[in-house]
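The structure appears right after this line, and notes come after that.
The values are calculated or read from the model by the stated rules, or taken from the named source; none is laboratory data. Here the structure is a predicted model, which means the values were calculated and not measured. Every residue, glycine among them, receives a Cβ derived from its backbone with ideal geometry; neighbour counts consider all protein chains shown.
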Amino acid sequence: NPDNVFAKRGEYNRSEPIGFIGLTGNGGFAKFVVVEDYMVHKIPNTVSFEQGALVERATVAVHAVKTSGLQVGMYQDPTVQSFSL
């Protein structure tokens, strides 16, 4: 619902009814899909379609780490090589 207060702020995950393409309707892996205009976000020309496709997945991962309470160095496994971002 584009008139929902959460949707207007881009917080679709908080609006009712909760759903997205591929969850509540077919089209998640389709080559083409028709959606409402408020569901489309323009990506800059400097971002490839492949990179743009990873944005949602990356934000979910970052949100999960932030809300988990994990801190850098909390867990060290000597068999795993670590790296810094």
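Summary table below
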item: The lone exception for Phe49 - which of (1) touching a Ser or Thr at 6+ places or on another chain (Cβ under 8 Å); (2) modelled with pLDDT of 80 or more it fails; result: (1)
item: Matching residues in region 11-35 - criterion: being out of contact with any helix residue (DSSP H, G or I) (no Cβ under 9 Å at 6 or more places or on another chain) and at pLDDT 75 or above; result: Ala30, Lys31, Phe32, Val33, Val34, Val35
item: Boolean, Tyr38 is touching a Lys or Arg at 6+ places or on another chain (Cβ under 9 Å), at pLDDT below 75 and either basic (Lys, Arg) or surrounded by 11 or more Cβ atoms within 10 Å (Cβ to Cβ) (or both); result: yes
item: Options Leu70, Leu54: the member that is at pLDDT 85 or above and either more than 15 Å from the chain's Cα centre (by Cα) or part of a helix (DSSP H, G or I) (or both); result: Leu54
